[in-house]
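Each reported figure results from applying straightforward, stated rules to the coordinates on display, with no laboratory input. Not measured: the values here are computed from a predicted model. Ideal geometry is used to build each Cβ from the backbone, glycine not excepted, and the neighbour counts take in all protein chains shown.
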């Protein structure tokens, strides 16, 4: 995890203890969390109406649009997300506010005591703590994001969510979810429930086929009758069933954000959360404008790396780390004004850097590879340099850290229009710790 600031030492210490309760960081199962939730009085059965999200790409952004739309309608919103970028507290939002340090410590100590030292993964025991918080604090809706997969993800203990949402599926976490799109889609489909509507974002054909087959098997209704049209710098047209909505450009950058925004609107219209009947165009538009989500083509405005930028150069941060994310960034770059683009890349060593950089290569003049700071199993800088060369980026460098990478890139390319930092949410967390 990214290093946290010293004034959070108590929660850091508790989190460190919880991380030692299971020898594996990831061990997908529902048995351990079910036992713990029973000891805690089954708080997951006393939640506000839940929208449950799974998918490979776009979960966080779709959640951000959902939250912003519901808040624009005046609703109190809980949110659950992972991983965090800088502080663990980011994972738990209660009625619009990030959980406080004291509340987090109290919850973690309560679930630690209830668990009694039994073997349980970090994600499972912290998800149980989050369920306690969501059950105790009043709210109108909970937007719950899966951690990994869906079928045996620790969040998938719900009996009757208001709706499930599956965002675009692509290859990722193959070691845990399977080595084909169809296998991964089967895992994501596990959040579907009988009689509960499932909103499907546009999907690759083999993912769509798998999702539909599973939905039919368990009698889960599916909704995917929406399309994005006429994207412009100022807005887009959304057809949802027989209705046409003219909407403003989503707050988050990139073509893929139109799809994420449309998926969120479809979910809002289908979920029938009490208090938001109808959800008119103005509320939807206000939500799209207000959405915020870090490390998604985020323009950084302050911090030491900003001070090193040449005039008229922007610094962009993105935590995308798989091929689909790379393709989305490449498409965004293709739409930018003329000018040179440089990149700084750090990646975990379970990612394929050549596959990631290949879509980006036509748009990048130079790349600098760095090893992600901290205790991460990450590619070294030379591996990333070689990946850049393999992809045809002639100016490919190996650097020791962000500062050296910036200096090396700007020495050879002194007047770029933009510099991207990308390849890992963990690297994004390191950057945001000093630039937000």
Helix-only mean residue ellipticity at 222 nm for the chain, each DSSP H run of n ≥ 4 adding -39500 (n - 2.57), per residue, nearest 500: -11500 deg cm²/dmol
Per-residue Cβ neighbour rank within 10 angstrom, fewest leading, 426, 134: 426, 134
Cβ-Cβ FRET estimate between residue 309 and residue 84, R0 fixed at 25 Å, reported to 0.05: 0.40
Relative contact order (%) - the range 6-290, alpha-carbon pairs under 8 angstrom, separation at least six: 23
Convex hull volume per residue in cubic angstrom - Cα atoms of the range 219-312: 143
Semi-axes of the equivalent ellipsoid for the chain, Cα gyration tensor, largest first, Å: 34, 27, 21
Relative packing of peptides 382-388, 92-98 - highest average C-beta neighbours within 10 Å first: 382-388, 92-98
Highest to lowest packing among 66-74, 334-342, 197-205, 358-366, scored as the average C-beta count within 10 Å: 66-74, 197-205, 358-366, 334-342
Contour excess over end-to-end distance, with Cα ends at residue 45 and residue 242 and 0.36 nm allotted per residue: 67.3 nm
Listed residues 221, 248, 304, most fluctuating in the chain (Gaussian network, C-alpha, under 10 Å): 304
Residues 76, 17, sorted so that the one with the fewest Cβ neighbours within 10 Å comes first: 17, 76
Beta bridges per DSSP with both ends in the range 33-154, % antiparallel, nearest 5: 35
Tensor-based shape of the range 298-434 (alpha-carbon gyration tensor, a/c under 1.5 rounded, otherwise prolate or oblate): rounded
Rg followed by Dmax, in Å, when the range 117-169 is reduced to its Cα trace: 12.3, 38
Antiparallel %, DSSP beta bridges [both residues in the chain], to 5: 35
Share, in percent, of DSSP beta bridges within the range 298-434 that are antiparallel, nearest 5: 15
Fewest-first sequence of 318, 172 by Cβ atoms within 10 Å of each Cβ: 172, 318
Protection proxy ranking, peptides 402-414, 142-154, average beta carbon neighbours within 10 Å, highest first: 142-154, 402-414
